[in-house]
Amino acid sequence: MPRNDTIVYMKDIVKVYPDGTVALRGVDFEVKKGEIHGLLGENGAGKTTLMKILSGLLRPTSGEIYIRGRKVHFKSASEALKHGIGMVHQHLALVPAFTAYENIILGLPGKVIDRKKIEELMETTGLKIPLDAKVEDLPFGVRQRIEILKMLYRNVDILILDEPTTNLTPIETKELFETLRNLKKQGKTIIFITHKLREVLEVTDRVTVLRRGRVVGVVETSKATPEMLAKMMVGREVVFRIEKKPARPGEPVLVVKDLWVRSDLGGWAVKGVSFAVYSGEIFGIAGVEGNGQSELVEAITGLRRVEKGQVILMGRDVTNKPPSELYRMGLSHIPEDRQKLGLVLDMTVAENSVLGIHRLKKFIGKLLNMKWKNINVHAKKIIERFEIVAPGVRAPARSLSGGNQQKLVVGRELSKTPVVIVAAQPTRGLDVAATEYIRKILIKMRDEGKAVLLVSADLDEVLQLSDRVAIMYEGEFMGIAKPEELTEEQIGLMMGGYHMDQLKNTSSNRKVLEAS
Amino acid sequence: MTEELVMILDILRGTSYAMTPLILAAVGEIVAERAGIVNIGLEGIMLLSGFMAVVFAEMAMNPWIGVLAGIGMGALIGLIHGYITAYLKGDHIISGLGINLFALGTVAFGIEAVWGVRGYYTPPLEAKVPIIPGIEISPLFIVMILITIGTYYLLYKTSIGLKIRAVGENPEAADVVGVNVELTQLLSAVYGAALAGLAGAFLSIDWLAAITKELPAGRGFIALALVNFANWNPILALGGGALFGFFWTLAEWIKNMAAIKAIIPVTLMNTIPYIATIAVVAGLIGRSRPPAHVGRPYKRE
């Protein structure tokens, strides 16, 4: 129950999105005045949703919010701002074409605008920024400082930071933490959303751990250990087990050597990753999203430039080769965003079923005419084989449910008779039945001797399907192991940034962790 | 005065007229597009406002009433366009297209209905905006210069301008800090259309002193090109408009020279200003930088 020093109290918050996804299942969340409060959890735990509700961007389906003991209903972010609550998003809400100064004063009435005060604020908080530089010319760390300053200038005293260190360099991260401690000294309350254990332990006073839309626990950071937090964050009931024969791996089919890939922002997203996927095995990549998995997949499938290193497909160097060539060699790609990369939603099921293989003689005639008969037969085969519920081959892909759309993508990719299958988040957003189906297909492919690279943010999935699993953190592999050889605790620690060498023996190396 | 000097002054005077409607419409559209609203209906607004200006100026026998009527007509259409695009999240191009088609039909019919003539009507002298004596240019030319400078000041030196530009660049960021995105867009669309309306009135009861359904003769579209040419900056629009106006006048002047008239058909010569527009704007493609969120409806999550 809330006490006197409680500044934020959220009671029994439930959030169901319009598409039926339940993000929060009755969350109680309490923050004390003047503390740095960590909000820890995996992807989809509901951290960001909860904070979007607190900052007025989303409305809860049910539940109550009290700020300084008073009940509030926010209709917009600007209303929350008036109550002193400001959120710094991962994608910063700045106008790139404006200067830092213009961004800070945007929307304020003229009489409040005082450049001297902003400069004073920069002095007292230590948030140094070039006021007259254009935001688009500034590195991410500085942009973030502008955003924080913008909030502070609006008298925000409850500052929410959503994964603020994701795009920061280690030095910038250190500076950010310095700032946060400084702000705390000035009486500000800070809520820090993260999945990084090290950061939680370093900078917060208390932590609330969320898992699948529920609060798992609230702990004082001084009494917390990384193992404890990792287990709280990851530990979960197992939904179902998949039957799977022992793998009989053969030749290495896909080999990646010291791969370096840049992110959209220009920094390194993948930092020297090496691994091999053998025929007849599923190689899984686990980790919290945004740690370079997407960029890695794009580099392997020819969609993103490899800056350094090699991708070798069946003994041939295919680094930076165009996707079409890779596909011809037998690479299939089930992309992470089926609606953007997997399908053309307004085209028909039949048209989508031959995307990428439409140039085959089977589907195209001498006058570049589409052979609709063959295409329709092909589409019908996929529909039958993958039990896709579709109104017909001429129905637009858009009219299919998410699960059936994904089956269509999978069906098309597998109809290419691939040697290697790269599957990124193959079951995201699917219901239980479709999920199970897709997982079984992947195992079947492996049993047929194909090499499967599986990238998924769903830990259950990666651990159950993979024969070997790598855990990725900030563009590097923290370790590669057989899933059964790892404890949940160890996986949680690696997802939070600890290298496997550091925790070979978890019970006895607590000292090592504390020292690092 | 020598003959050459007269000739040069003539061309400059002509330029001052030719540039005025282009710049008025372009400066207005710059404000609208800075707020994210594209209005390709400038041509239609000019036509409708030109028509209304003649009707009201003649009725009151006062050109200034006509000018106000033109501005009012533009503002009204801006209000509709702004409501459709900002509040109903409608497609900017379709709405603009609708304005153009509506104007064509309405004015062709209106000329016949009001004056009982087919296609062309000249208002009486009393309904025409007088020339500033001495320098012999239109008072609306001066007004245009003042509006351009004022708009520049509004966009770049005031907090209102900051809001307008923020809404066109990143409406989400503006929304979060409490800027009313839709209202800002609506008012900007009204401002833009009102200036296009003023341009229309200038055509019908000042410069050309006539109303036909071909009154704007593509000037609305050239104004759109000018917005791009000026990189969404009113001051550059002033310079660019002067350049376009100069070409226009020069072409008019050349085609009336007896020697050239004999060789090149007048209809071909009439295309010069349009070709010049394409040439200038084509050279600029890719170099200008539109507001990041222009022409797209802003929808909250």
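The values are calculated or read from the model by the stated rules, or taken from the named source; none is laboratory data. Here the structure is a predicted model, which is why all the values come from computation and not from measurement. A quick note on method: Cβ atoms are made from the backbone with ideal geometry, for glycine too, and the neighbour counts reach across all protein chains shown.
Out of all the residues in segment A:122-135, which are farther than 18 Å from A:Lys174 by Cα and either within 29 Å of the chain's Cα centre (by Cα) or surrounded by 15 or more Cβ atoms within 10 Å (Cβ to Cβ) (or both)?
A:Leu131, A:Lys134, A:Val135
Any residue in segment A:425-447 that is farther than 15 Å from A:Glu461 by Cβ and touching a residue at least 40 places away in the same chain (Cβ under 8 Å)?
The answer is yes, given that some residue of segment A:425-447 is farther than 15 Å from A:Glu461 by Cβ and touching a residue at least 40 places away in the same chain (Cβ under 8 Å).
Just name the residue that is nearest to the other protein chains (Cβ to nearest Cβ) out of those in segment A:100-111 that are modelled with pLDDT under 90 and surrounded by 12 or more Cβ atoms within 10 Å (Cβ to Cβ).
In this case the residue turns out to be A:Gly107.
Only one of A:Gly392, A:Gly356, A:Gly280 is surrounded by 19 or more Cβ atoms within 10 Å (Cβ to Cβ) and either assigned to a loop (DSSP other than H, G, I, E, B) or of a type in the set (S, T, N, Q) (or both); which?
Numbers: A:Gly392 fails: surrounded by 19 or more Cβ atoms within 10 Å (Cβ to Cβ); A:Gly356 fails: surrounded by 19 or more Cβ atoms within 10 Å (Cβ to Cβ).
A:Gly280 is the lone residue from the list that is surrounded by 19 or more Cβ atoms within 10 Å (Cβ to Cβ) and either assigned to a loop (DSSP other than H, G, I, E, B) or of a type in the set (S, T, N, Q) (or both).
Name the residues in segment A:31-53 that are farther than 11 Å from A:Ile7 by Cβ and not small (Gly, Ala, Ser), would you?
Our first condition is that a residue be farther than 11 Å from A:Ile7 by Cβ; within segment A:31-53, this holds for A:36, A:38-53.
Those that are farther than 11 Å from A:Ile7 by Cβ and not small (Gly, Ala, Ser): A:Ile36, A:Leu39, A:Leu40, A:Glu42, A:Asn43, A:Lys47, A:Thr48, A:Thr49, A:Leu50, A:Met51, A:Lys52, A:Ile53.
Only one of B:Ala276, B:Ala217, B:Ala209 is part of a helix (DSSP H, G or I), among the small types (Gly, Ala, Ser), out of contact with any strand residue (DSSP E or B) (no Cβ under 9 Å at 6 or more places or on another chain) and farther than 30 Å from B:Ala174 by Cα. Can you tell me which?
Working: B:Ala217 fails: part of a helix (DSSP H, G or I); B:Ala209 fails: part of a helix (DSSP H, G or I).
Result: B:Ala276 is the single residue among B:Ala276, B:Ala217, B:Ala209 that is part of a helix (DSSP H, G or I), among the small types (Gly, Ala, Ser), out of contact with any strand residue (DSSP E or B) (no Cβ under 9 Å at 6 or more places or on another chain) and farther than 30 Å from B:Ala174 by Cα.
Restricting to segment A:442-451, name every residue that is touching a Gly at 6+ places or on another chain (Cβ under 9 Å) and either outside any helix (DSSP H, G or I) or surrounded by fewer than 23 Cβ atoms within 10 Å (Cβ to Cβ) (or both).
Pass one, segment A:442-451, residues touching a Gly at 6+ places or on another chain (Cβ under 9 Å): A:446-451.
Within segment A:442-451, A:Asp447, A:Glu448, A:Gly449, A:Lys450, A:Ala451 meet the criteria.
If we scan segment B:148-159, do we find a residue that is in contact with a helix residue (DSSP H, G or I) (Cβ under 6 Å, 6 or more places away or on another chain), away from chain A (no Cβ under 14 Å) and part of a loop (DSSP other than H, G, I, E, B)?
First, pick out the residues of segment B:148-159 that are in contact with a helix residue (DSSP H, G or I) (Cβ under 6 Å, 6 or more places away or on another chain): B:148, B:151-152, B:154-155, B:159.
Now restrict to residues that are away from chain A (no Cβ under 14 Å): B:148, B:151-152.
Now drop any that are not part of a loop (DSSP other than H, G, I, E, B), which leaves none.
Checked segment B:148-159: no residue is in contact with a helix residue (DSSP H, G or I) (Cβ under 6 Å, 6 or more places away or on another chain), away from chain A (no Cβ under 14 Å) and part of a loop (DSSP other than H, G, I, E, B).
Return the residue satisfying two criteria in turn: it lies in segment A:237-277 and is surrounded by 14 or more Cβ atoms within 10 Å (Cβ to Cβ) and at pLDDT below 90, and of such residues it is nearest to A:Ile312 (Cα to Cα).
Applying the filter and picking the extreme gives A:Pro249.
Name the residue, out of B:Ala173, B:Ala201, that is closer than 21 Å to B:Thr148 by Cα and either aliphatic (A, V, I, L, M) or within 14 Å of chain A (Cβ to nearest Cβ) (or both). Before the answer, list the steps.
On the way: B:Ala173 fails: closer than 21 Å to B:Thr148 by Cα.
It is B:Ala201.
Restrict the check to segment B:23-31 and report whether at least one residue is crowded, with 24+ Cβ neighbours inside 10 Å, outside any helix (DSSP H, G or I) and touching a residue at least 12 places away in the same chain (Cβ under 8 Å). Reasoning before the result, please.
From segment B:23-31, those crowded, with 24+ Cβ neighbours inside 10 Å are B:23-31; that's our starting set.
Adding the requirement that they be outside any helix (DSSP H, G or I) leaves none.
No: segment B:23-31 contains no residue that is crowded, with 24+ Cβ neighbours inside 10 Å, outside any helix (DSSP H, G or I) and touching a residue at least 12 places away in the same chain (Cβ under 8 Å).
Of these, A:Leu54, A:Leu40, which one is modelled with pLDDT of 95 or more and either under 27 Å from the mean Cα position of the chain (by Cα) or over 17 Å from B:Val177 (Cα atoms) (or both)? Even if it seems obvious, please write down each step before you answer.
Details: A:Leu40 fails: modelled with pLDDT of 95 or more.
After ruling out the rest, the residue left standing is A:Leu54.
With the structure loaded, tell me whether B:Lys261 is modelled with pLDDT of 80 or more, over 13 Å from the mean Cα position of the chain (by Cα) and not β-branched (Val, Ile, Thr) or whether it fails that test. So that I can check it myself, show each step before the final result.
Details: modelled with pLDDT of 80 or more: no; over 13 Å from the mean Cα position of the chain (by Cα): yes; not β-branched (Val, Ile, Thr): yes.
For B:Lys261, the condition - modelled with pLDDT of 80 or more, over 13 Å from the mean Cα position of the chain (by Cα) and not β-branched (Val, Ile, Thr) - is not met.
Quick check on this structure: which one of B:Ile111, B:Ile65, B:Ile45 is part of a helix (DSSP H, G or I) and without any contact (Cβ under 8 Å) to a residue 24 or more places away in the chain? Outline the logic, then answer.
Numbers: B:Ile111 fails: without any contact (Cβ under 8 Å) to a residue 24 or more places away in the chain; B:Ile45 fails: without any contact (Cβ under 8 Å) to a residue 24 or more places away in the chain.
Exactly one residue qualifies, and that residue is B:Ile65.
For segment A:136-159, what are the residues that are closer than 24 Å to A:Lys174 by Cβ and at the interface with chain B (Cβ under 10 Å from one of its Cβ atoms)?
Matches in segment A:136-159: A:Glu147, A:Lys150, A:Met151.
Give segment A:314-328 a look and list any residue that's surrounded by 14 or more Cβ atoms within 10 Å (Cβ to Cβ) and either part of a loop (DSSP other than H, G, I, E, B) or at pLDDT 95 or above (or both), or say none.
A:Met314, A:Val318, A:Thr319, A:Lys321 - these are the residues of segment A:314-328 that are surrounded by 14 or more Cβ atoms within 10 Å (Cβ to Cβ) and either part of a loop (DSSP other than H, G, I, E, B) or at pLDDT 95 or above (or both).
Answer with yes or no whether B:Thr267 is in contact with a helix residue (DSSP H, G or I) (Cβ under 7 Å, 6 or more places away or on another chain), hydroxyl-bearing (Ser, Thr, Tyr) and assigned to a helix (DSSP H, G or I).
Numbers: in contact with a helix residue (DSSP H, G or I) (Cβ under 7 Å, 6 or more places away or on another chain): no; hydroxyl-bearing (Ser, Thr, Tyr): yes; assigned to a helix (DSSP H, G or I): yes.
No: the conditions fail for B:Thr267.
Quick grid of which residues meet (1) among the basic types (Lys, Arg); (2) modelled with pLDDT under 95; (3) surrounded by 21 or more Cβ atoms within 10 Å (Cβ to Cβ):
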{"position": "B:Ala173", "(1), (2), (3)": "no, yes, yes"}
{"position": "B:Gln185", "(1), (2), (3)": "no, no, yes"}
{"position": "B:Ala196", "(1), (2), (3)": "no, no, yes"}
{"position": "B:Gly200", "(1), (2), (3)": "no, no, yes"}
{"position": "B:Ile205", "(1), (2), (3)": "no, no, yes"}
{"position": "B:Leu208", "(1), (2), (3)": "no, yes, no"}
{"position": "B:Lys213", "(1), (2), (3)": "yes, yes, no"}
{"position": "B:Gly218", "(1), (2), (3)": "no, yes, no"}
{"position": "B:Ala230", "(1), (2), (3)": "no, yes, yes"}
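Does segment B:285-295 contain any residue that is within 25 Å of B:Arg13 (Cα to Cα) and hydrophobic (A, V, I, L, M, F, W, C)? Lay out the reasoning, then the answer.
Just the residues of segment B:285-295 that are within 25 Å of B:Arg13 (Cα to Cα), to begin with: none.
Within segment B:285-295, none of the residues are within 25 Å of B:Arg13 (Cα to Cα) and hydrophobic (A, V, I, L, M, F, W, C).
Could you tell me whether segment B:277-287 includes any residue that is crowded, with 17+ Cβ neighbours inside 10 Å, more than 14 Å from chain A (Cβ to nearest Cβ), within 30 Å of B:Ile94 (Cβ to Cβ) and of a type in the set (Ser, Thr, Tyr)?
yes
Can you list residue pairs whose Cβ atoms sit under 7 Å apart, with the first residue in segment A:259-286 being on the phi < 0 side of the Ramachandran plot and the second being among the basic types (Lys, Arg) and assigned to a loop (DSSP other than H, G, I, E, B)? Count only pairs 6 or more apart in sequence or on different chains.
A:Val261/A:Arg304; A:Ser279/A:Lys450
Consider segment A:354-409. How many of its residues are in contact (Cβ under 8 Å) with a residue 12 or more places away in the chain and at positive phi? Steps first, answer last, please.
Of all residues in segment A:354-409, those in contact (Cβ under 8 Å) with a residue 12 or more places away in the chain come to A:354-358, A:362-363, A:370, A:372, A:374-376, A:378-383, A:385-390, A:392-398, A:400-409.
If we keep only those that are at positive phi too, we end up with A:356, A:387, A:392.
Number of matching residues: 3.
Please go through segment B:32-41 and give me each residue that is assigned to a loop (DSSP other than H, G, I, E, B) and surrounded by 24 or more Cβ atoms within 10 Å (Cβ to Cβ), ordered by number. So that I can check it myself, show each step before the final result.
Taking segment B:32-41 first, the residues assigned to a loop (DSSP other than H, G, I, E, B) are B:35-41.
Listed by number, the residues that qualify are B:Ala35, B:Gly36, B:Ile37, B:Val38, B:Asn39, B:Gly41.
Going through segment A:185-216 one residue at a time, which ones are of a type in the set (D, E, K, R) and over 18 Å from A:Glu163 (Cα atoms)? Full working, then the answer.
Quick first cut of segment A:185-216, residues of a type in the set (D, E, K, R) only: A:185, A:188, A:196, A:198-199, A:202, A:205-206, A:211-212, A:214.
Within segment A:185-216, A:Lys185, A:Lys188, A:Arg214 meet the criteria.
When you scan segment A:112-123, how many residues do you find that are of a type in the set (Asp, Glu) and within 13 Å of chain B (Cβ to nearest Cβ)? Talk me through it step by step, then tell me what you get.
Just the residues of segment A:112-123 that are of a type in the set (Asp, Glu), to begin with: A:114, A:119-120, A:123.
If we keep only those that are within 13 Å of chain B (Cβ to nearest Cβ) as well, we get A:114.
Qualifying residue count, segment A:112-123: 1.
Since B:Gly72 meets every condition but one in (1) surrounded by 23 or more Cβ atoms within 10 Å (Cβ to Cβ); (2) part of a helix (DSSP H, G or I); (3) not β-branched (Val, Ile, Thr), which condition does it not meet?
Condition not satisfied by B:Gly72: (1).
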